[in-house]
Amino acid sequence: RGRGRPSKLTVGGDGAGAGERIREVSCGGQYTVAVAHGDGAAYAWGDASGGCHGALGMRSPSKGLVATRVSFPTKVTVGFPVGARVSKVSCGAFHAAAVTAAGELFCWGEGAFHALGHDGDKSTCPNPRRVRGLWDAGRRGSHASCG
């Protein structure tokens with residue numbers, strides 16, 4: 001979109017240029033995830049086709065399709081509990097993580113090498129999924145960092 005130059009992006013809003021302020025942004029290999037200041041929603045965009053399938057955190061539940069290219073900020077609507085407010089986000093080359101205001105850790109993307117922390121499951125996860133081991137043990141997070 002910026003063709004190597006900075007460009008202004010808006011997320012949410014009415015589509016006519018009015019939108020949310022951004023609180024947090026993280027860039028992965030070829031994709032970006034941002035957190036809106038107002039409602040704490042996560043937005044993703046970029047190219048997740050080259051080995052980082054699922055890193056955009058978007059899958060159509062009805063069609064089972066995983067988004068691999070999104071050219072504009074799009075709300076990640078599947079995976080987070082209703083009303084969850086994302087406070088921190090981190091993108092790795094092939095996976096991403098988000099921490100909610102309640103301290104829940106969610107991970108999605110390529111699961112090789114147990115990168116997602118999903119109970120020993122190494123499969124790719126196309127939508128944010130809670131890291132249950134921490135939550136079930138009563139542990140809450142405040143930050144996440146993906147390598």
(request) With a 1.4 Å probe and all protein chains in place, put K8, K122, K75 in order of accessible area, largest first. (result) K8, K122, K75
(request) Can you send over the solvent-accessible area of V25, 1.4 Å probe, protein chains only, in Å² to the nearest 10? (result) 90
(message) From the protein chains alone at 1.4 Å, what is the descending order of accessible area for D136, D47, D39, largest first?
(response) D136, D39, D47
(message) Students sometimes get this wrong: rank F80, F113 by accessible area, probe 1.4 Å, all chains present, largest first.
(response) F113, F80
(message) Could you compute the net charge surrounding K75? Neighbours are other residues with a C-beta less than 11 Å from the C-beta of K75; K and R count +1, D and E count -1.
(response) -2
(request) Tell me which residues come under 5 Å, amide H to amide H, from G28 once H is placed; ignore anything under 5 positions away on its chain. (result) V33
(request) Could you tell me the accessible area of F72 in Å² (1.4 Å probe, neighbours in place), rounded to the nearest ten? (result) 120
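Whenever you get a sec, compute what percent of the accessible area on region 79-137 sits on carbon and sulfur atoms (1.4 Å probe). Each step should come with its number before you reach the end.
Values: 1510 of 2630 Å².
Of the solvent-accessible surface of region 79-137, carbon and sulfur hold 57 percent.
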(message) Give the aspartates and glutamates whose C-alpha is closer than 16 Å to that of K122, dropping any in the same chain fewer than 8 places away, or say none.
(response) E110
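The values are calculated or read from the model by the stated rules, or taken from the named source; none is laboratory data. Worth saying up front: this structure is predicted, and the values here are computed from it rather than measured. Reconstructed Cβ throughout: ideal geometry from the backbone, glycine too, with neighbour counts over all protein chains shown. Heavy atoms of the whole protein, side chains included, go into the accessibility calculation; ligands, DNA and RNA do not. Shrake-Rupley method; radii C 1.70, N 1.55, O 1.52, S 1.80 Å.
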